[in-house]
1. Under 13 Å from Asp69 (Cβ atoms), charged (D, E, K, R), assigned to a helix (DSSP H, G or I) and modelled with pLDDT under 95 - does that describe any residue in the stretch 189-205?
2. For the stretch 320-336, check the following and say yes or no: at least one residue is buried (at least 19 other Cβ atoms within 10 Å of the Cβ), within 36 Å of the chain's Cα centre (by Cα) and either part of a helix (DSSP H, G or I) or at pLDDT 90 or above (or both).
3. Taking the conditions exactly as written (over 22 Å from Trp127 (Cβ atoms) and either open to solvent by less than 10 Å² (accessible area, probe 1.4 Å) or assigned to a loop (DSSP other than H, G, I, E, B) (or both)), does Val556 satisfy them or not?
4. Which residues, counting only those in the stretch 14-48, are within 30 Å of Ala270 (Cβ to Cβ) and either at pLDDT 90 or above or not in a helix (DSSP H, G or I) (or both)?
5. Would you please list the contacts, defined by Cβ atoms under 7 Å and residues six or more apart or on different chains, that run from a residue in the stretch 65-86 that is within 15 Å of Ile141 (Cβ to Cβ) to a residue that is modelled with pLDDT of 90 or more and small (Gly, Ala, Ser)?
6. Quick one: in the stretch 229-264, of everything that is under 27 Å from Gln106 (Cβ atoms) and open to solvent by 10 Å² or more (accessible area, probe 1.4 Å), which residue is farthest from the chain's Cα centre (by Cα)?
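The values are calculated or read from the model by the stated rules, or taken from the named source; none is laboratory data. Everything numeric in this text was worked out from a predicted model, so none of it was measured. Methodologically, a virtual Cβ is constructed for each residue, glycine included, from the backbone with ideal geometry; neighbour enumeration extends over all protein chains shown. With ligands, DNA and RNA removed, areas are computed over all heavy atoms of the protein, side chains included. Shrake-Rupley method; radii C 1.70, N 1.55, O 1.52, S 1.80 Å.
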Amino acid sequence: MGVQGFQEFLEKRCPGAVVPVDLLKLARTVARQQHRAGLSPGGYPPPPAQPPSPAAPPPPPCRVLVDADSALQRLYGGYQTDWVCGGQWNAMLGYLAALSQACLYQGGLELVAMFNGTLAKERLPEWARRAQGERQTAQLIVSHVGNKGTPPPRAWFLPPACLAHCIRLAMIRFRVKVFQSLEDHHLEVVSFFRENGFHGLIAHDSEYALCNIPSYYSSHALKLSWNGKNLTTNQFLMQEVAKQLGLKMSNFPIFAALLGNHILPDEDLAAFHWSLLGPDHPLASLKVRAHQLVLPPCDVVIKAVSEYVATIKDASNLDAVGKEIFRHSQSRTEDKIERFKKAVEYYSVATKQRPPPLNPSPFVVAGYGPNQFGVPPLPHNQMGGVPVGKPMFGHQMPPKLQYQHHPFPPGPNSGFVFPPHHMGDFSHFHDDNLLKGGPFSGWSLPYDTTASKFHNHLTLKPSPSSGQESSPSSSSDEDQNGAASNHVTDTRQHKTNWEESSGDKLPQNWGHQAGGAEPGQNMGHNESQIPSLLSMATRNHMDITTPPLPPVAPEVLRVAEHRHRRGLMYPYIYHVLTKGEIKLPVCIEDECNADLPPAAILFRPARQYVYGVLFSLAETQRRLERLAMRRRLPVDVPPVIIKEWSAYKGKSPQTPELVSALTFREWTCPNLKKLWLGKAVEDKNRRMRAFLACMKSDTPSMLNPANVPTHLLLMCCVLRYMMQWPGGRILLRHELDAFLAQAVSSQLYEPDQLQELKIEKLDTRGVQLAALFMSGVDTALFANDACGQPVPWEHCCPWIYFDGKLFQSKLIRAGREKVPLIELCDGQAEQAAKVEKMRQSILEGINLNRQPPPPLLPPPPFMPPMMPPFYPVPLYPRAMGSMPPPPPGRNRGFSGDCFVSCRTRCRLWCLFLTFLFPMQEFIPFLHKEANWRLRVWL
């Protein structure tokens with residue numbers, strides 16, 4: 001999109017607008033100015049005098065908001081190449097510790113991180129293109145490691161699995177305030193910045209540059225000196241950018257809308273962009289190349305659009321401006337004009353400075369006030385006071401039904417959240433006076449200003465990007481020139497009869513190449529190359545209608561929303577409960593290797609069990625069974641279907657997979673309200689058992705600290721889950737020992753020694769195993785939070801049991817050098833004993849000699865639709881050669897290869913009986929035996 005290229009345009013084409021700064025020096029300068037002016041930290045008049053409290057230090061004078069979504073690479077520790085090994089989490093922990101200490105003690109700078117916790121259905125086309133690019137990057141990484149045995153270049157950085165959640169846990173450990181967005185990440189970050197008195201925003205996203213942020217700093221250029229006294233980065237002076245572009249800051253919403261964005265995509269603006277260049281432009285000959293519509297380069301579009309916006313006389317008359325822009329459009333002109341107006345409205349809300357709100361906002365945090373730059377918050381009717389779970393713009397999300405909320409008196413568990421271990425035990429999460437009064441005091445916070453209404457999480461309509469208000473994109477230039485396009489037309493076929501996909505079955509095409517080869521993609525940006533629309537992902541992602549989700553208790557939704565906003569809960573949980581959808585990240589996996597399954601498929605059964613826990617499916621099923629037994633009716637349990645958006649081999653990111661929720665076979669899991677809010681000892685045991693059952697690790701030895709240490713329980717659960725993959729054996733004996741040996745090694749807590757550790761030749765399989773393991777940790781964190789956090793968050797952090805570089809070194813020694821276990825444990829007999837006990841607990845009850853199922857048969861040949869096959873095609877091929885002897889005992893079927901159906905056999909047997917007995921004697925025989933099926937067949 002054109003908007004996404006604006007950040008790169010700032011850095012390369014506006015040299016006077018990018019200046020280096022030292023944030024710690026700026027913080028000290030702000031503190032001196034506030035001290036001289038007699039202002040309290042934050043830039044507003046001091047509060048009334050209160051008795052001094054020696055235990056509570058004064059708040060830092062300068063606050064900076066960090067958009068963690070665009071700063072993951074820097075928060076991980078920079079551009080180290082060892083991320084491909086699976087993640088060096090102790091090195092990341094050391095970097096974040098040094099960063100937080102330098103900000104707090106060197107310059108009095110407070111960091112607050114905002115993580116992306118949204119589903120962002122309106123940005124699915126953008127996510128699909130990014131996912132496809134990450135898939136291609138993963139293949140380049142695997143190919144590079146396999147050919148050269150060295151880490152890939154820095155430009156191919158692909159975030160390790162579970163990176164965002166590891167950074168979130170590390171920041172919570174260092175008392176850094178953490179929050180998560182709910183509906184629209186960009187708008188919520190801007191609102192949070194303005195309403196809570198921050199002095200700057202550290203991010204790297206074009207949309208923030210277009211939102212008129214007073215102090216916008218680059219997260220990619222963030223550098224911490226070795227002594228921790230300097231924190232340097234680049235500041236973007238947007239006034240200088242507007243001056244170089246010849247624009248006013250008030251024109252930025254129209255400018256951003258005409259660049260191309262998630263509301264009005266590039267394809268709808270292609271004809272307009274080419275018309276701005278004119279026929280005499282040097283690039284005009286590339287307008288139509290080989291009957292394919294192409295887009296002009298991003299920097300050329302930015303300059304041309306800025307010149308056009310500067311010539312608009314009346315920017316308030318959006319109808320006239322829209323008609324002028326799309327005057328040559330031959331299809332969907334009114335729709336394009338409407339989406340242009342919505343795009344301007346979207347960026348106007350984020351750009352304009354507004355008076356203070358009259359009502360409390362859900363984004364205001366205690367202790368934060370207006371900042372010293374005088375940037376007032378947005379009004380309540382624009383960005384504040386949004387109802388729970390309500391989208392900020394009605395056109396971005398499909399309409400939702402509302403819960404019929406019935407108030408009920410608070411019970412004894414009303415002030416309790418996730419006992420006994422929860423991540424809100426820090427002082428900065430309890431310093432809010434609003435949290436200390438009334439029932440539900442542990443949940444409401446200042447967010448729940450409208451907690452009396454809960455929105456239904458049923459999506460019965462197609463996604464907004466493919467609906468009528470945001471129709472599929474097709475350029476008006478196509479309409480004029482008749483050029484071919486890869487975009488789907490407006491008409492869509494909605495499936496009324498959805499198909500249930502079970503996670504227990506392996507898709508037939510995950511291990512084979514997809515039908516069409518995907519076009520290559522350059523990792524670096526080349527301005528001379530113009531992307532073709534035929535090489536882009538279609539805007540019309542195929543959404544599928546699913547059955548309504550079961551209702552969720554309002555208490556549970558309130559707890560989920562509060563903990564989601566505070567960054568204390570895995571974001572998938574709120575998405576599943578409210579929308580029934582999740583988006584899975586791309587994992588490093590070799591698509592040419594069929595030995596290892598994709599991470600999305602490997603851990604799908606675990607997610608299915610989690611879905612069953614979240615919607616209390618076991619209790620619902622038991623209640624319906626009792627009701628059916630009393631009424632003597634068949635049991636009819638409505639299915640719970642979740643949409644999973646993912647991208648792996650043979651799976652397009654533009655269509656979701658329908659995944660059904662599962663229940664445990666061994667026991668009945670309690671409902672979610674009791675699982676989360678129960679205080680009794682048996683409730684704690686149920687939480688732990690539910691977590692172990694989700695990870696297929698519900699065995700007595702897993703809870704024995706003598707065999708599995710408490711801080712290694714989550715790691716052992718992930719490894720045991722991987723060992724039970726029905727499609728074949730994933731981990732070999734030496735690979736399992738390598739995982740366990742590095743977890744008990746003393747080198748795990750020596751990041752300096754690990755940094756100097758040299759690996760001669762990286763192993764491709766080791767890189768994939770590490771990626772699969774961290775994806776399993778990601779799933780285990782999801783399951784742990786869904787089950788009420790039975791495993792304390794301190795024992796979930798990966799830096800206490802895994803380091804990618806150390807694992808690769810152990811794997812090379814165990815696999816190539818064939819060293820014994822005692823040498824793998826550096827000669828420590830105690831460590832070797834721990835490894836053997838953990839291995840024994842992991843392998844308990846697992847049959848490692850089982851044969852993997854044979855591959856699925858190829859699809860049957862074409863048959864006319866009016867002549868279906870008489871017999872179903874078997875999933876697995878029949879055994880060739882002589883048949884094995886029948887088992888001892890009574891045989892109730894025909895021997896040999898008999899293709900006669902059961903009903904035909906019964907009919908033949910009944911005809912034989914009619915010859916033996918007269919009909920008058922045979923009918924009473926049927927009555928006597930009560931075999932009504934035979935009477936019907938006769």
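1. no
2. Narrowing the stretch 320-336 to residues buried (at least 19 other Cβ atoms within 10 Å of the Cβ): 321-322, 325-326, 329, 332, 336.
Remaining after also requiring within 36 Å of the chain's Cα centre (by Cα): 322, 332, 336.
Next, from what is left, pick out any that are either part of a helix (DSSP H, G or I) or at pLDDT 90 or above (or both): 322, 336.
Among the residues of the stretch 320-336, at least one is buried (at least 19 other Cβ atoms within 10 Å of the Cβ), within 36 Å of the chain's Cα centre (by Cα) and either part of a helix (DSSP H, G or I) or at pLDDT 90 or above (or both), which makes the answer yes.
3. Numbers: over 22 Å from Trp127 (Cβ atoms): yes; either open to solvent by less than 10 Å² (accessible area, probe 1.4 Å) or assigned to a loop (DSSP other than H, G, I, E, B) (or both): yes.
Yes, satisfied.
4. Quick first cut of the stretch 14-48, residues within 30 Å of Ala270 (Cβ to Cβ) only: 14-15, 17-18.
Those that are within 30 Å of Ala270 (Cβ to Cβ) and either at pLDDT 90 or above or not in a helix (DSSP H, G or I) (or both): Cys14, Ala17, Val18.
5. What qualifies is Asp82/Gly804; Cys85/Ala770; Cys85/Gly804; Gly86/Ala770; Gly86/Ala771; Gly86/Gly804.
6. Residues of the stretch 229-264 that are under 27 Å from Gln106 (Cβ atoms), as a first pass: 229-237.
Those left that are additionally open to solvent by 10 Å² or more (accessible area, probe 1.4 Å): 229-230, 232, 234-235, 237.
Details: Lys229: 36, Asn230: 34, Thr232: 31, Asn234: 29, Gln235: 30, Leu237: 33 Å.
Among those residues, the one meeting the criterion is Lys229.
Every residue, every condition in (1) open to solvent by 20 Å² or more (accessible area, probe 1.4 Å); (2) closer than 25 Å to Leu577 by Cβ; (3) part of a helix (DSSP H, G or I); (4) among the aliphatic types (A, V, I, L, M), yes or no:
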position	(1), (2), (3), (4)
Met629	yes, no, yes, yes
Asp636	yes, yes, no, no
Thr655	yes, yes, no, no
Val659	no, yes, no, yes
Arg665	yes, yes, no, no
Leu675	no, yes, yes, yes
Lys684	yes, yes, yes, no
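Matching residues to (1) over 17 Å from Gln831 (Cβ atoms); (2) at pLDDT below 90; (3) crowded, with 21+ Cβ neighbours inside 10 Å; (4) not hydroxyl-bearing (Ser, Thr, Tyr):
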| site | (1), (2), (3), (4) |
| --- | --- |
| Gly727 | yes, yes, no, yes |
| His734 | no, no, no, yes |
| Gln747 | no, no, no, yes |
| Thr764 | yes, no, no, no |
| Leu769 | yes, no, yes, yes |
